[in-house]
1. Look through B:V239, B:V182, B:V258 and report the one residue that is more than 14 Å from chain A (Cβ to nearest Cβ) and crowded, with 22+ Cβ neighbours inside 10 Å.
2. Which count do you get for residues in segment B:156-207 that are of a type outside the set (A, V, I, L, M) and more than 30 Å from B:A96 (Cβ to Cβ)?
3. Quick one: A:I43 ticks every box in (1) at pLDDT below 90; (2) within 19 Å of A:M221 (Cβ to Cβ); (3) under 19 Å from the mean Cα position of the chain (by Cα) except a single one, so which number is it?
4. Just to confirm my filter: which helices (runs of 4 or more DSSP H) fall fully inside segment B:187-235 and include at least 2 residues that are closer than 30 Å to A:P97 by Cα and either touching a residue at least 60 places away in the same chain (Cβ under 8 Å) or not hydroxyl-bearing (S, T, Y) (or both)?
5. On the basis of being closer than 19 Å to A:I34 by Cα and out of contact with any Pro (no Cβ under 9 Å at 6 or more places or on another chain), does A:I218 make the cut?
6. On the given criteria, is B:T327 at pLDDT 85 or above, more than 22 Å from B:A31 (Cβ to Cβ), among the polar types (S, T, N, Q) and surrounded by 13 or more Cβ atoms within 10 Å (Cβ to Cβ)?
7. Can you find even one residue in segment A:133-148 that is within 9 Å of another protein chain (Cβ to nearest Cβ), part of a helix (DSSP H, G or I) and under 19 Å from the mean Cα position of the chain (by Cα)?
8. Would you mind stating whether B:L286 is in a helix (DSSP H, G or I), surrounded by fewer than 16 Cβ atoms within 10 Å (Cβ to Cβ) and touching a residue at least 60 places away in the same chain (Cβ under 8 Å)?
Amino acid sequence: MSRPDTRTDPALEARAVSTGYPGAPVIEGLDLAIARGTFTALIGPNGCGKSTLLRAIARLLPLADGAVLLDGRAIASQSTKEVARQVGILPQAPEAPEGLAVIDLVRQGRYPHRALFGRWSPADGAACEEALALTGLETLRDRSLDSLSGGQKQRAWIAMTLAQKSATLLLDEPTTYLDLAHQLDVLDLLKSLVRERGATVVAVLHDLNQAARYADRIVMMKAGEIVAEGPPGTTVTPEAIGAVFGVDAKVVANPVDGTPLMIAVGRLP
Amino acid sequence: MKLDRPLPAGSRPHQTLPIDPRAAALAVLTAGLALTAMWAVTIGPTRIPASDIIAAVTRFDASHDHLVIATVRVPRVLAGIIAGAALAVAGAIMQAVTNNPLASPGLLGVNAGASFGVVMALTLWPPLPTSTYVWAAFAGAAVAATIVYSLGSMGVTGATPVKLALAGAIVSAFVASLTSAVLIFDKTTLDAIRFWSVGSLAGRSMTTIASVSPYILAGLAAAMLTRRQITTLSLGADVARTVGQNLVLWRAVAAVTVVLLAGSAVAVAGPIGFVGLVVPHAVRLLTGLDYRWILPFCAVGGALLVTGSDALARSLLPERELPVGITMALIGAPFFVYLARYRIGRSR
C-alpha cells in the first residue's frame, strides 16, 4: 500500500495565517502544511512565535486573518467537539485540580465522543485502558496527579489526549519541565505513535538535537516567520542555526543514527 | 512505554462493588434528612409527638395541633429544605465554574444582589406576592453576578480566586448598603422583612413555598442534567479546551442555573450565608472531585444543614426566634477561617 502524497494531502494546513495578541501581532501571513503521518518539531528562540503558531492552529488563539484547514476543511467552520475528535491538544504546563486521579483525567478524553446525555460505553472504557497502557500508567491509574513525578504527570496528560483517539496531536513544549530520562520517554512515545499508528504529531521542542533525532520534519522560526522547513538533514545546518538563534554552530553526523548533531561554539558577533 | 504491550491479563477495567459506596452514603444522608425534618416539625412552643405529624398528613382533622403543623411547622421545614438544597448546589456550581474554592452565592455577591432586588420590589410596589418578587430576586442576582465576574476578571491574569473574592466582597458591601439605605426610609417594609433580611425560615406560608418551588426544582434538574459538563468545567480551562468543551455555552448555562437557584432561595428565605460555601467543601471530602456525585450530595447536605441548624436553634432557645442566617454564620465563619488557613493556601 503506497502512502498518500503528503504534499497534496496535508493533515493540517495554515493558509496566510495572521495572529497574535491584542495590539501585538506575532505572526503575519504565514503558510505551513503539516504532512500526514509525520512528526514535526517547531523550533526557534523564545518569542519567535512557535507557541503562538501552535495555539493558533489548535484554535486556542483566534486568527486575525487567514485560515487553518483540517483535512482540507476550515477549522473555524467546525464545532469544538468535532475538532477535538480529530485533534488532541496539550497546552504548555497544563493544570488540573489537586487530588484528581489519573483515570479521571484520562476519562475526560472521551468528552468529544459522548452525546449530551450519552452513557459511558464499552468503547469509552477500552479507549481509556489503551491510553493508560500506551503511556505505561496502568499501575498509577488511581493515584492523584499531584502525587506523580513531572514525567508521569505529563504522560497522564498525553494519555488523556490519546483517549480522545484523534489522529493529530499538537503539543506545546511537552518536554520542557522534565528531566532527561522523562524527556526521552515522552519523545519515544510520540515517535511510536507516528510510526505504529500513523498519527500526525506537531510539537514545540527546545532541544534542537532531540528534534533532529526524533522529528521527521523541522520547522525553524524566527520573529514570526519560517526560516527553514524540511527534514532534519536539510534544515539543521550551521547557516540556519546562525540565522535563527544567532549562534555559531558546527553540525556533524550523529554517531548513533547519522542524524545531524549540533554543537554550539559560541554566539555570533 | 511501548506500543505493542498488551493489556495485562486479568486487569479488569472496573471492579465494581454490587452497590457504589457513594450511592449508599447518599441514601443514608437522605434518610438523615427525613428524620431531621420529622424532628424539626415536632419542635416549637407546643411539643407535638411524631405520631401526630403522620396523623396530620393521613387524617387531617383541623385540630389546633394539626393546623400548627400544616400552616407553621411544615412550611418552615420545607423552606429550609429547598433553600438549603438550592444554595448548596449553587455554591458547588460556582466553585466548579470559576475553579475557585472561595466561590459561593454569599461571598460573590449573588445573595446580596437578589436581596436588593426583593427589597426594591417590595418598596416600590407593596404588597407583592412571592411569585412576582422572585423575578426581582433573579434580576438582582444576575446583575450582581455579572458585575462581580466582570470586576474579578479584569487584568491579564483573568478571574483568579482572590480577585473574584475581593470583587464579591466589594459588590456585597455596596449592595448591602443600598439595601439598608432603602430600608431606613421605609419602616413598613423593614418591619415586614426584618427577619427575612438576615436569612430566616420563620413565617413562610405554604403559598410562598409553592410559588418558589418550581424554580428551585427546575434549577436542581438543570444542575443534575448538566453535572457531567460541570465536572469537565471544574477541571479548568486547559482540560475543557483540549477535549473540545464549548466553554462559553456551558459557563452561561451554569450561570443561569446559579441565578435560578440562589435567586429563588433568597426569595423564600433571605440571604442565608455560608451554606453555599461550607456544604460543597464538606461534600468533596467525602466524594472526591466528581460533580456527578458532588451535586446530589450538596442538595441533600444543604437541606440537612439548614433544616438541622434551624431546628437545633429552636430547640436550644425555645423563647427566642433566632434567624437561621445567624445560626449559619455561627457555624460557617469558623469553617471559613479553617478553609482560608489550611485548604486555599495549599492550592495557590
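1. Values: B:V239 fails: more than 14 Å from chain A (Cβ to nearest Cβ); B:V182 fails: crowded, with 22+ Cβ neighbours inside 10 Å.
From the options B:V239, B:V182, B:V258, the qualifying one is B:V258.
2. From segment B:156-207, those of a type outside the set (A, V, I, L, M) are B:157-158, B:160-161, B:163, B:168, B:172, B:174, B:177, B:179-180, B:185-189, B:191, B:194-197, B:199-200, B:203-205, B:207; that's our starting set.
Restricting the remaining residues to those that are more than 30 Å from B:A96 (Cβ to Cβ) gives B:177, B:180, B:185-189, B:191, B:194-195, B:203, B:205, B:207.
Selection size over segment B:156-207: 13.
3. Unmet for A:I43, out of (1) at pLDDT below 90; (2) within 19 Å of A:M221 (Cβ to Cβ); (3) under 19 Å from the mean Cα position of the chain (by Cα): (1).
4. B:206-225, B:227-234
5. Against the criterion (closer than 19 Å to A:I34 by Cα and out of contact with any Pro (no Cβ under 9 Å at 6 or more places or on another chain)), A:I218 does not qualify.
6. Values: at pLDDT 85 or above: yes; more than 22 Å from B:A31 (Cβ to Cβ): yes; among the polar types (S, T, N, Q): yes; surrounded by 13 or more Cβ atoms within 10 Å (Cβ to Cβ): yes.
Yes; evaluated as a whole, the condition is true for this residue.
7. yes
8. yes
The values are calculated or read from the model by the stated rules, or taken from the named source; none is laboratory data. Everything numeric here is computed off the predicted structure, so don't read it as measured data. Virtual Cβ from ideal backbone geometry, glycine too; neighbours counted across all protein chains shown.
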